[in-house]
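The values are calculated or read from the model by the stated rules, or taken from the named source; none is laboratory data. Here the structure is a predicted model, which means the values were calculated and not measured. Every residue, glycine as well, gets a Cβ built from its backbone with ideal geometry; the counts of neighbours run over all protein chains shown. We work out accessible area using only protein heavy atoms, side chains counted, and drop any ligands, DNA or RNA first. Shrake-Rupley method; radii C 1.70, N 1.55, O 1.52, S 1.80 Å.
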Amino acid sequence: MAFRIVQLTDLHVFRDRQTLLKGVATWHFLEQVVELLRRLDPQPDAVVITGDHTHDELPETYQAIRKLLHPWLDRLWQVPGNHDDRTELRKAFHDRINGTADAPIRFGFSAPGWLCLGVDTHIPGSVAGQIDAEQIEWISTQLQASPHVRCALFMHHPPVLLNSIWMDAIGLRGRELLAELCGAEPRIRLICCGHVHHESRSRQGHAAVYTTPSTGIQFAPDSDQPKFVPGQPGFRIIDLTPAGYSTEILRISEFSEPVNVPS
Ligand SMILES: [Fe+2]
């Protein structure tokens, strides 16, 4: 049986559950998405959050997310996005995230045939992200120590340009370093990201690069400027086997009636 990962990304919730983000009730949608996750069969072996847990970066908001995701806490893996505070994220999930204060938040776990790594692209105070030589060195070291023949990376900022002028401008600095590694390292097969709030597929070296819809607000993929669209929130399922992987997006509407944005 496959090792199942669910990727949640870009939750953007607030301490006050009624607060809207550009008219979108992000808490309301997150609860719907989590209900979808609860009904998923088989259940995931790992739940990965690729950043932007909160929009307000407050301790109470991180605690509320922890409470909501309690059923999967024993298999939860996280990296920060630009809308995250490493210190507060670390405090709320102290039993899942090691290290101290503002140190990078990353993870590594194994699935049959696969090494799964979380890469921290957060720059405090910046919307854009960064990958640097130290991060590349960390990935390389993990790969060298791993017996697995395939590797999946999880990170907030996509390591590719998506032909969206405004999103690419707030993309990943240093992506050429990762491009070089992905070209030289055929074991990196899969890279799953958030940040762009829509579904896409592209390539970097030997790896397929996927972006995943937000659990709340959706961005238009082809706009030159910020544009929010009424797409259905959801998450990505990734089923890993020793022979490869399959992946799909599940959205709220596939299990229930379409949910309108509450006014
Ligand atoms: Fe986001």
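Overview of results
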quantity	calculated
Any hit, the stretch 146-167, residues being more than 16 Å from the ligand (Cβ to nearest atom) and part of a helix (DSSP H, G or I)	yes
Test result for THR50, open to solvent by less than 40 Å² (accessible area, probe 1.4 Å), more than 23 Å from HIS198 (Cβ to Cβ) and within 16 Å of the ligand (Cβ to nearest atom)	no
Odd one out for ILE139 among (1) part of a helix (DSSP H, G or I); (2) open to solvent by 10 Å² or more (accessible area, probe 1.4 Å)	(2)
Residues located in the stretch 58-94, provided they are free of Cβ contacts under 8 Å to residues at least 24 places away in the same chain and either crowded, with 20+ Cβ neighbours inside 10 Å or touching an Asp or Glu at 6+ places or on another chain (Cβ under 7 Å) (or both)	THR87, ARG90
Selected residue (only one of GLY174, GLY183 is surrounded by 16 or more Cβ atoms within 10 Å (Cβ to Cβ) and not acidic (Asp, Glu))	GLY174
Of all residues making up the stretch 212-227, the number that are assigned to a strand (DSSP E or B) and open to solvent by 80 Å² or more (accessible area, probe 1.4 Å)	0
Boolean, HIS12 is surrounded by fewer than 23 Cβ atoms within 10 Å (Cβ to Cβ) and either within 13 Å of the ligand (Cβ to nearest atom) or farther than 15 Å from HIS122 by Cβ (or both)	no
Scan of the stretch 122-136 for residues that are open to solvent by 60 Å² or more (accessible area, probe 1.4 Å) and part of a helix (DSSP H, G or I), ordered by number	ALA133, GLU134
Residue list for the stretch 176-198, restricted to those being within 16 Å of the ligand (Cβ to nearest atom) and either of a type in the set (D, E, K, R) or touching a Leu at 6+ places or on another chain (Cβ under 7 Å) (or both)	VAL196
Residue ID - surrounded by the most Cβ atoms within 10 Å (Cβ to Cβ), chosen from residues in the stretch 95-121 that are without any contact (Cβ under 8 Å) to a residue 24 or more places away in the chain and of a type outside the set (Asp, Glu)	ILE97
